[in-house]
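Any read-out appearing in this document is the output of simple, stated calculations on the displayed coordinates, not a laboratory observation. Bear in mind that the values here come from a model prediction, so they are computed numbers and not experimental data. Neighbour counts are summed over all protein chains in view; Cβ atoms, including those assigned to glycine, are modelled from backbone coordinates with ideal geometry.
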Amino acid sequence: MPEKIGVIDVKRLVFTGHAVRQMFARDISPADVEAVFAAGTTIDEYPDDRPFPSRLLLGFVKRRPIHVVLAYDEGSQIGYVVTVYVPNPTLWTDDFTARKTS
């Protein structure tokens, strides 16, 4: 089933090996990632990423912040989950939307 993330329609979601390893190590389930897509927001965009532009999404699952980096192939409408992690509060602002400056 297609998912709407911001202004992009994802026909199919593909988890990279790196994302799966990070999810396993951090006890983040595919359902958690789907929850970020359903209710999360885009907090940064990387239009020059290759092979596809990507974006950083933030969502909260059971009050736990989760960041998901999603690369998007507009031609095939496939979204690639590049990585998933719980942002470190010492590196991110209190609302987890921006990196702290030193």
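As an exercise, use a Förster radius of 35 Å and the Cβ-Cβ distance of T90 and A31 to find the FRET efficiency, rounded to the nearest 0.05. If you can, show how the numbers build up before the last one.
Values: r = 28 Å, r/R0 = 0.79.
Computed FRET efficiency for T90 and A31 comes out at 0.80.
Counting other beta carbons within 10 Å of each Cβ, put S76, S102, S54 in order, fewest first. It would help to have the intermediate numbers written out before the result.
Values: S76 10, S102 3, S54 21.
By the 10 Å Cβ count, ascending, the order reads S102, S76, S54.
Which of the peptides 65-73, 9-17, 77-85, 28-36 is most tightly packed, and how do the rest follow, judged by the mean count of other Cβ atoms within 10 Å per residue?
Numbers: 65-73: 21.0, 9-17: 13.9, 77-85: 19.4, 28-36: 16.6.
Ranked by mean Cβ neighbours within 10 Å, highest first: 65-73, 77-85, 28-36, 9-17.
For log10 I(q)/I(0) by the Debye sum over Cα atoms at q = 0.13, 0.17, 0.20, 0.24 Å⁻¹, the choices are [x] -0.43, -0.74, -1.02, -1.42; [y] -0.74, -0.97, -1.07, -1.16; [z] -0.48, -0.75, -0.97, -1.28; which was calculated from the structure?
Computing log10 I(q)/I(0) by the Debye sum over Cα atoms at q = 0.13, 0.17, 0.20, 0.24 Å⁻¹ and matching it to [x] -0.43, -0.74, -1.02, -1.42; [y] -0.74, -0.97, -1.07, -1.16; [z] -0.48, -0.75, -0.97, -1.28 gives [x].
Among V36, V84, A25, whose Cα lies farthest out toward the positive end of the dipole of the stretch 3-85, if unit charges sit on the beta carbon of Lys, Arg (+1) and Asp, Glu (-1)?
Farthest along the dipole direction, towards plus: A25.
Mind listing the long-range amide H neighbours of D44? Cut-off is under 5 Å, sequence gap 5 or more, other chains count too, H placed in the peptide plane at 1.01 Å from N.
Those qualifying (amide H under 5 Å, at least 5 residues apart or on another chain) are L56.
Can you give me the angle between helix 30-39 and the longest principal axis of the chain, using Cα atoms only, in degrees from 0 to 90, rounded to the nearest 10?
Roughly 90 degrees between the two axes.
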